[in-house]
Amino acid sequence: MGLAWRAVAETGLRRFGRRALTILLRVAAAILGGYLLAAGVSALAAEALARVLPPSEAVVLMAMLAFLIYLALLIWAFAERRLLRVLLVLGVGGPLAFAGPWLVGMAV
C-alpha cells in the first residue's frame with residue numbers, strides 16, 4: 001500500500017511541476033515579451049507617424065497606445081491555448097520589434 005501511494009504522490013508532483021513550469025513560462029513571456037513587443041511596435045509607429053504629425057504628438061500618441069497594446073498582449077498570452085505559439089510570438093517577435101527602431105535608425 002505504501003508503494004502505491006508513493007507512486008501516486010510522485011506522479012502528482014511531476015504533473016504539478018510541469019504545470020508550474022508552463023505557467024511560469026507563460027507569465028515570463030507575457031511580461032517580458034509583451035513589453036518588448038509593445039515598446040518596439042509603438043516606437044516604430046511613432047517613427048512612422050512623425051512624418052505626418054509633429055514628432056512630439058506622435059510619441060505621446062504611441063506612448064498612450066502602447067499601454068493598450070501591452071494589455072492586449074497580456075490577455076492574449078493567457079487566452080492562447082498553445083504555449084509554443086505564445087513563446088514564438090512574444091519570445092521572438094518581442095526582441096525583433098524592440099530592435100526594429102534601432103535598425104531603422106541605422107538604415108537612415
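Once Cα extents along the principal axes in Å is worked out from the coordinates, which option in (i) 75, 25, 16; (ii) 73, 30, 18; (iii) 38, 32, 24 does it equal?
Computed from the coordinates, Cα extents along the principal axes in Å corresponds to (i).
Any chance you could run the full-extension gain for L71 through L25? It's 0.36 nm times the residue separation minus the Cα-Cα distance, nm to one decimal.
On the way: separation 46, 0.36 × 46 = 16.56 nm, distance 1.78 nm.
Full extension from L71 to L25 adds 14.8 nm.
What do you get for the angle between helix 55-79 and the principal long axis of the chain? Use alpha-carbon atoms, 0 to 90 degrees, nearest ten.
The angle comes out at about 20 degrees.
How tilted is helix 34-49 with respect to the longest principal axis of the chain? Cα atoms for both, answer in degrees (0 to 90, nearest 10).
For 34-49 against the chain, the angle is about 10 degrees.
Report the relative contact order of the chain, percent, no decimals, based on alpha-carbon pairs under 8 angstrom and at least 6 residues apart. The partial results should precede the final answer.
On the way: 87 pairs, mean separation 42.0, N = 108.
For the chain, the relative contact order is 39 percent.
Using only helices, what value at 222 nm comes out for the chain when you add -39,500 (n - 2.57) per DSSP H run of length 4 or more and divide by the total residues, to the nearest 500 deg cm²/dmol? Could you put the intermediate results ahead of the total?
Numbers: 4 runs with 93 residues, N = 108.
Calculated from helices alone, the mean residue ellipticity at 222 nm is -30500 deg cm²/dmol.
The numbers here are math on the coordinates, done by the rules we state, and not lab data. Note that the coordinates shown come from a computational prediction; the quantities given were computed from them, not determined experimentally.
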